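In what follows, a single structure is set out as structure tokens and then discussed.
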Amino acid sequence: LSFQAYERRFPTCPLIPMFVASDTVNEYKSEDEAIHVIERRCKLDIDAPRLLKKIAGVDYVYFVQKNSLNRRERTLHIEAYNETFSNRVIINEHCCYTVHPDNEDWTCFEQSASLDIKSFFGFESTVEKIAMKQYTSNIKKGKEIIEYYLKQLEEEGITFVPRWTPPVACSLESSTSHTRRPVSPAINIPESATKEALNSKEILNTSSSPAEPTAGTPDDKLDADYIKRYLGDLTPMQESCLIRLRKWLQETHKGKIPKDEHILRFLRARDFNIDKAREILCQSLTWRKQHQVDYILDTWNPPQVLLDYYAGGWHHHDKDGRPLYVLRLGQMDTKGLVRALGEEALLRYVLSINEEGLRRCEENTKVFGRPISSWTCLVDLEGLNMRHLWRPGVKALLRIIEVVEANYPETLGRLLILRAPRVFPVLWTLVSPFIDDNTRKKFLIYAGNDYQGPGGLLDYIDKEIIPDFLGGECMCEVPEGGLVPKSLYRTAEELENEDIKLWTETIYQSASVFKGAPHEVLIQIVDASSVITWDFDVCKGDIVFNIFHSKRAPQPPKKDSLGAHSITSPGGNNVQLIDKLWQLGRDYSMVESALICKEGESVQGSHVTRWPGFYILQWKFHNMPACATTNLPRVDDVLASLQVSSHKCKVMYYTEVIGSEDFRGSMTSLESSHSGFSQLSAATTSSSQSHSSSMISR
């Protein structure tokens, strides 16, 4: 009966939302119907951050699942492996349903899986977290799903399925030659065990319990004064874990052995599970060797553009003695830095900052006479705008977060985010899924001038060292940032082999805009308070950008080609959605003021939707105004119009919708970071009005 219940999960299962569809690719049945093998290709909508899906270039992933039912043995074996990204990630899963040898009314279930991430666009750690989350979720729901279909069978009057019996001709032969296959005893999988169910590069069986560190022996002791002075409070078990991991490194690792403080960071990051800590530490040590990170402070000199325009630097220490790093992110031109330097140079600079942080922690430990293993980061967001939502810049930020979290765990003691503007929740929604839950708990976020009140900056930083730009009296030598001159941008030839070019080609779409034929993109919104974001460059000509709303769906898209303008558009498409018979104000409405964008400008923006329905983003040809006194075009306008060949413009654009549930969830996490943020939250998610903001970069 359990086998029949299991088969009802196909071709799709409403209890597993990510299981979208499946197709049978191979099927085999033996003549006596004892063996039935089905191989299916399953389509999954993985619960992953939207931006990660964009980076990977897929919306769905495909797995191949092979189910082998042996009615004679009364077993069901399920094997699954990933088809998508199989050259980057290897996932294998095996499940087995059997009949208990002592009670035929019981079904035994065993499950094991393995994950080997070779490479994934620099987001290996995030992929591992997603795989762990999906796997543990499936384990928890497995029993619930089987019980659901068993109940469904019962409601249909099916409470018993006759046991398979061999055909008469082969009955005697089978009874003399067949012996029962031994099976494992029934198991009960506790929920707590599911957290250990899947680890990178190792196979775990759910019937085994996670390895627990053992208490230290009398020989495994560190000097008490050394612990107190350099490591902090450690239980005997934690001390033993540190000694065992350090000893293992000394015996097996060729190269520089990290200091006890650094080993301890990896142990704490994995709750003192030695196997997990050893795995991520070994990966980090290999990474440090490959990229020569140990020598970065001595051998690498940052480019002058970083020294001039990267608005960050070290500034004294906080009240706990932690080194204090100040980052004026709102004043920093992330787009200009990426365009001028590329992602690699920016990442290398951040690595040098982290290496300097480790060095300062050691110095402060000596100065204050107590262990200091982390630093505090103060991020000022005044000036943050839509320009910071430029997607290659966001992608560079995500990669930096990924690398830092993987190789510098437990180094961030506290993150103070000040003067968060209204656009910040949009950026937070994009970035927060990539940040570890433990790291997120260290965030304190203040809107406006809340940082000056109770529970604000003075609780963490002495008044004497509060930077002058935050109303303090201490001169801060952090660069002020500002726009990076376009003269410092690299040329197209220099970008040819760079990540930024590949990234642009991956997610951005090209469109042509003609006089009388705008390009329009349809976005359907189901829930109000969803956020529409856009990022586009005006590559040629001048355009007008509009946002419209309609309660009814527009006509099917019309692609403009040779017919209307006798012009081909090899560099992009052209789609019109608004029917010529529609009237503005009756059939559709303008939800924001029109925005005129000049050639060469880059525009980033967002709109918090007020109503469900259909939203249309429109890029329209901008007609030059005639001279007011003579009604004749000006010379400059004539020359400008001649430069736009055949009245054609070109844009490169990217759009993304942040669902209202995700947006509200990110707002909830922001509110929990600091009570003062609720004011910004209310202003941003207000249902009484829609919000839109755009930033033009010249």
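The values are calculated or read from the model by the stated rules, or taken from the named source; none is laboratory data. These figures come from a predicted structure and were not determined experimentally. For neighbour counting, all protein chains shown are included, and Cβ atoms are generated from backbone atoms with ideal geometry for every residue, glycine included. With ligands, DNA and RNA removed, areas are computed over all heavy atoms of the protein, side chains included. Shrake-Rupley method; radii C 1.70, N 1.55, O 1.52, S 1.80 Å.
What the table below lists for this structure:
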item: Matching entry among Glu104, Glu27, Glu110, Glu79 (being acidic (Asp, Glu), part of a loop (DSSP other than H, G, I, E, B) and over 28 Å from Val657 (Cα atoms)); result: Glu104
item: Any pair with Cβ under 9 angstrom, 6 or more apart, that starts in the range 270-289 at a residue that is in contact (Cβ under 8 Å) with a residue 40 or more places away in the chain and ends at one that is of a type in the set (Lys, Arg); result: Ile274/Arg244; Lys276/Arg270; Glu279/Lys201; Glu279/Arg270; Ile280/Arg270; Arg288/Lys256
item: Condition broken by Gln618, with the remaining ones in (1) polar (S, T, N, Q); (2) at pLDDT 85 or above; (3) open to solvent by 50 Å² or more (accessible area, probe 1.4 Å) satisfied; result: (3)
item: Some residue of the range 630-652 being at pLDDT below 80, part of a strand (DSSP E or B) and open to solvent by less than 10 Å² (accessible area, probe 1.4 Å); result: no
item: Residue that is farthest from Asp233 (Cα to Cα), among those in the range 378-398 that are surrounded by fewer than 21 Cβ atoms within 10 Å (Cβ to Cβ) and not β-branched (Val, Ile, Thr); result: Asn385
item: Check on Glu39, surrounded by fewer than 17 Cβ atoms within 10 Å (Cβ to Cβ) and part of a loop (DSSP other than H, G, I, E, B); result: no
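Residues are listed down the side, and each one gets a yes or a no for (1) under 19 Å from Gln65 (Cβ atoms); (2) in the same structural domain as Trp287 (by the TED database); (3) in contact (Cβ under 8 Å) with a residue 12 or more places away in the chain:
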| residue | (1), (2), (3) |
| --- | --- |
| Arg88 | no, no, yes |
| Ile91 | yes, no, yes |
| Thr98 | yes, no, yes |
| Pro101 | no, no, yes |
| Asp105 | no, no, no |
| Ser114 | yes, no, yes |
| Ile117 | no, no, yes |
| Phe120 | no, no, yes |
| Ser125 | no, no, yes |
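For every residue, the table says whether it meets (1) touching an Asp or Glu at 6+ places or on another chain (Cβ under 7 Å); (2) in a helix (DSSP H, G or I); (3) modelled with pLDDT under 90; (4) surrounded by fewer than 20 Cβ atoms within 10 Å (Cβ to Cβ).
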position: Lys335; (1), (2), (3), (4): no, yes, yes, no
position: Glu344; (1), (2), (3), (4): no, yes, yes, yes
position: Arg360; (1), (2), (3), (4): no, yes, no, yes
position: Arg370; (1), (2), (3), (4): no, no, no, yes
position: Thr376; (1), (2), (3), (4): yes, no, no, no
